[in-house]
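Here the structure is laid out as C-alpha cells; the discussion comes afterwards.
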Amino acid sequence: MKALILLSSLGVIALLAEIFSFKKLLYPLVIIGLITTFIFNAFDWGTDRIYFNMMRYDDFAVAFSSVLIGVSFLWFIMADGFFKEESNMTDYFALVIFSLAGAVIMVSYSNMAMLFLGIEILSIPMYVLAGSKKDDVLSNEAGFKYLIMGAFASGFLLFGIALIYGATGSFDIVEIAQTVAAGAASSIFYAGLLLMLVGMAFKVSAAPFHFWAPDVYQGAPTPVTAYMATIVKTAAFAAFLRLFYTCFQGSAATWTSIVVVMAGLTMLAGNITAVLQTSAKRMLAYSSVAHAGYMLLGLVALNQYSQGSILMYTLAYSVGSITSFGVLGYVAKAKGGDAVDSFNGLAKTNPFLAFVMTVALLSLAGIPPTAGFFAKYYIFTAAFQAGHAWLVLVAILASLIGVYYYFRIIIAMYFKHSNHEVTIEVSANHKLLFVITVLLTIALGLMPDFVIGLL
Amino acid sequence: MERVRERLNMNAIQVIPVNWYLLLSAVLFTIGVLGVLFRRNAIIIFMSVELMLNAVNLLLVAFSTYLSDSAGQVFVFFIMAVAAAEVAVGLAILMSVYRNTMSTDINILSKLKG
C-alpha cells in the first residue's frame, strides 16, 4: 500500500512540475522517488495486510511490486532520451508513473473491481504513450490498435466479471472461490470464467489473441515498446496468476486444457513467426509473444512452484528486454533503421554494446549461465511436476527455434561486415545501466534461489 | 387483487425474469463484438465498444437488483467513468490519425506488417 500511495503522489508531483516550473529537477526527483518507493515497499514484506477487502498486500504483491518498481527504475535510466526530446515531458513522466501505479494495483488486488481499475489505470496511459509521436502515422496506428484491442479485451473481461457476479453474488476473489467450492458453480459461472480467460489472454498477448502485439510493439516509440514488453507484461501475468491461483483454482479442470493449448500455440506461433522477421524490433515483439507462452506454463502448473518461477521468469525476461531494446534504440538511431542487418559489424565498431546485447540475447534464449536459463528451467520443472510432460516437450522445441533467431543478431554483430561503419557514442548513464543489467543477468543465473525462494 | 399488490411492491426490474436480461445483454454484447470486428469506420468501432460496455452495465444492474446487493451498481459507475476516459483518449488518438491521413477509415491503418 505504501508503494501505491508513494507512486500516486509522485505522479501528481510530475504534473505539478509543469505549473511550478521545476521541470529540470523532475528527472532526478523521479529516480529518487522510485528508490524510496522500492525501499518502503520492501518494508511491507511479511505483513500480509488487507485493505477494505479491496487490496491485499501479501508477499506475492510485495515481490511483484518490487520487480515492477526495480525494472521501471532501469527503464527510466534507459529512456532518458525519450523525456529530453519532448517539450511536454512532464505529461510523459506523469503517464508512465500513473501506469506504474496501475501495475501495482494489478499485482495486489483482491476484488474484481480493483482488477478492472488496475488494468485500465495501466492501459489508458499506455494508449497515449504508444501514440505519442503525433506526426508519425505508424505511431498513430500503434496507439489506435492498442486502444481498440485493449477496450475490446476489457469488454470480454467485464462481461465475464458480470456473469461471475451473477452466479456467485460477489466480486471478492476469495469469496467467489469459497462459493464455488461450496458447490454453487453453474453454467453461468463457467461462461464467465471462459470470458475472463479470453480477456486476460488478450492482455498478455497469448495466441490466438496475440495478433495486435507485434503491430503495436513495432509502431510505438522504442522506449514505450520496452515498457510494454516489461512492466505491462509482468503486471498482466501477475494479475492473471493471482486471479487463477486464488479464485479459479477449484475449477481448474475446466480451464487447464484450454490454457495448455493456448500456451503451446503461443510458444510455437511466437517463435516461428519471429524467425521470418527482417526487422529486429518486430522480431523482439514476436519473441515477447513467445515468452508469454513460456510464462503460461507456470500458470498451467498451478502448484507451489508456479508463483516463484513466474517471478523469476518476469525478472529475467524484463532485464534482458530492457537491455536489448536499449541497444536496439542506439543501433536504430545510428543506422537509421531497425533491420537485423543494421547490427552487422557492431562488434568491431562498438565491442561494448555488442557484448551487452549478446548477454541479453543469451538470457532471452535461455543459455546457461544466464538468468534466462534458470528461469526457463524452473518454469519447465513446475509444469513437468504438474504432469504436463508433452507441453514441456513443445516448450523445449520452441526454445530451440528461439535460439536460432537470437543467434541471427549475435552472428550479425560478430561475423558480418557492414558497408558503412558508424561508431556509436554511448552516454555514461547508459554505460552504467548496461553494466548493471549484465551483472544482474549473470548474478541471477548464478544465484537463482535468491529469487525463487521468495515465493 | 393480492397478486397485483404484490407486484406493485416488487422492484420494477424484478417483474421480468433475470434470464431475459441475460439474453438481452448477450445480444447487445454480440452486436458490439461484431461491430468491432466488421465495421471499417473508426468512430463506429468506438460506438461498438461502448455498446459492449453498456451491455455489461445492464447485466450488472439486473444481477445487482436480483441479488439485492448494491456492489454491482457501484461497479457500473466505475465502468462508466473508465469508458469515458477511454473514449476521450481514443478520440484524441483518432484526431491525430485524421490529421495525418485525412480519413477515419481503418483500412488506411495497415502499414505495420511482417
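FYI, it's all coordinate maths here, none of it is from the lab. What you are looking at is a predicted structure, and each value in this text was computed from that prediction instead of being measured. Neighbour counts run over all protein chains shown; Cβ positions are idealised from the backbone, glycine included.
Here are the numbers:
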| item | result |
| --- | --- |
| Selected from A:Met55, A:Phe116, A:Leu194, residue furthest toward positive end of dipole (segment A:45-196; charges at beta carbon) | A:Leu194 |
| Point-to-point label distance, A:Gln178-B:Asn19, nm (Cα→Cβ direction, 7 Å offset) | 3.1 nm |
| Alpha carbon centroid spacing (whole Å) that separates segment A:1-40 from segment A:63-104 | 10 Å |
| Over chain A - Rg/Rh using Cα atoms and the Kirkwood inverse-distance radius | 0.95 |
| Cβ-placed point charges (K, R +1; D, E -1), dipole of segment B:2-105 about Cα centre in debye, nearest 20 | 180 debye |
| Other protein chain Cβ atoms within 10 Å, averaged over every residue that makes up B:81-94 | 6 |
| Sparsely packed chymotrypsin sites (Phe, Trp or Tyr not before Pro) within segment A:39-95, loop by DSSP, other Cβ within 10 Å at most 12 | A:Phe52 |
| Calculated log₁₀ intensity ratio I(q)/I(0) where the Debye formula runs over C-alpha points of segment A:1-141, q = 0.09, 0.14, 0.17 Å⁻¹ | -0.28, -0.66, -0.93 |
| Cα centroid separation, segment A:144-180 to segment B:35-72 (Å) | 12 Å |
| Above-threshold pairs, the threshold being 18 Å between Cα atoms, out of A:Lys281/A:Lys431; A:Lys133/A:Lys431; A:Lys24/A:Lys84; A:Lys335/B:Lys113; A:Lys84/A:Lys145 | A:Lys281/A:Lys431; A:Lys133/A:Lys431; A:Lys335/B:Lys113; A:Lys84/A:Lys145 |
| Net +/- balance of residues flanking A:Asn53 in space, Cβ distance below 10 Å, scoring K and R +1, D and E -1 | -1 |
| Positive-end residue of A:Tyr286, A:Leu302, A:Ala354, charge dipole of segment A:271-409 with Cβ unit charges | A:Ala354 |
| Per-residue mean of C-beta atoms belonging to partner chains within 10 Å, peptide B:53-60 | 5 |
| Cβ charges +1 (Lys, Arg) and -1 (Asp, Glu), total dipole of chain A, debye | 560 debye |
| Backbone N within segment A:204-225 under 12 Å of label point (7 Å from B:Ser103 Cα along the Cβ vector) | none |
